[in-house]
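Below you'll find the structure, written out as structure tokens, and then a few comments.
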Amino acid sequence: PKPPTCPSSALVPWSHMAERAPSSVALELWPSPLRTVSGAPVPALAFGLGTRHRHVSDDVTANALRAALHAGFRHIDCARFYGTEAIAGRVLAEGLVPRRELFLTSKLWMTHHDDAGVAESVNASLAALGLEYLDMLLIHWPVAWTRDSDPADKARGVTPRADVPLVATWRAME
């Protein structure tokens, strides 16, 4: 299939692309209209280190991330719940791509929606990734569960809800 088209005014200038590694050029031809609250662009294409990586070896996950970086991916989508942030951190520490060229997303699991949980989750993600900041933090599921909940509870039809309004989680994330 043909790649999507975009107006020429939306293309990244060639002079800017020449400053980057040739492997990243292909993905920059389709810039994202998405922006963070501060106005920073959010790359539309992301390489996700999702739960499927929990079922393969750490080496397979690390090599997949290296291949994605070489292919031009600059948006890396993680979550503490996936259990892959430490692997990503080891790959990022190799310096294949400078930090300033990366956009790192992590997610807040539903057992960490309270103030203390947000801080704990962010700090754990930063430590595992070996980073000083995240570019974006998302609420993984918009339902707060108690801290002692088990992900298997959902499969059993149990929903141990915590009394943490979504707006309180949002404020804790700010």
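Of all the numbered requirements in (1) part of a strand (DSSP E or B); (2) of a type outside the set (S, T, Y); (3) in contact with a Gly (Cβ under 7 Å, 6 or more places away or on another chain), L138 misses one, and that requirement is (3).
L138 passes every criterion in (1) surrounded by fewer than 20 Cβ atoms within 10 Å (Cβ to Cβ); (2) modelled with pLDDT of 90 or more; (3) under 12 Å from the mean Cα position of the chain (by Cα) apart from (2).
On the stretch given as the stretch 141-174, residues that are assigned to a helix (DSSP H, G or I), open to solvent by less than 50 Å² (accessible area, probe 1.4 Å) and either at pLDDT below 75 or under 28 Å from A88 (Cβ atoms) (or both) total 5.
T51 satisfies every condition listed in (1) within 25 Å of V91 (Cα to Cα); (2) open to solvent by 50 Å² or more (accessible area, probe 1.4 Å); (3) modelled with pLDDT under 65 except (3). For the stretch 68-98, a residue qualifies if it is farther than 20 Å from A40 by Cβ, without any contact (Cβ under 8 Å) to a residue 60 or more places away in the chain, part of a loop (DSSP other than H, G, I, E, B) and under 12 Å from the mean Cα position of the chain (by Cα), and exactly one does: T84. Could you run through the stretch 99-130 and say how many residues are open to solvent by 10 Å² or more (accessible area, probe 1.4 Å) and either in a helix (DSSP H, G or I) or closer than 16 Å to A46 by Cβ (or both)? Residues flagged as open to solvent by 10 Å² or more (accessible area, probe 1.4 Å) and either in a helix (DSSP H, G or I) or closer than 16 Å to A46 by Cβ (or both) within the stretch 99-130 amount to 16. Filtering the stretch 54-69 down to residues that are open to solvent by 10 Å² or more (accessible area, probe 1.4 Å) and among the polar types (S, T, N, Q), which residue is modelled with the highest pLDDT? Per the stated criteria, the residue is N63. If a residue must be farther than 27 Å from W141 by Cα and either among the small types (G, A, S) or open to solvent by less than 10 Å² (accessible area, probe 1.4 Å) (or both), how many such residues does the stretch 70-90 contain? Residues meeting the conditions: 2.
The values are calculated or read from the model by the stated rules, or taken from the named source; none is laboratory data. The structure displayed is predicted, hence computed values, not measured ones. Note: ideal-geometry Cβ built from the backbone for every residue, glycine included; neighbour counts use all protein chains shown. These area figures cover heavy atoms from the full protein model, side chains too; ligands, DNA and RNA do not enter into them. Shrake-Rupley method; radii C 1.70, N 1.55, O 1.52, S 1.80 Å.
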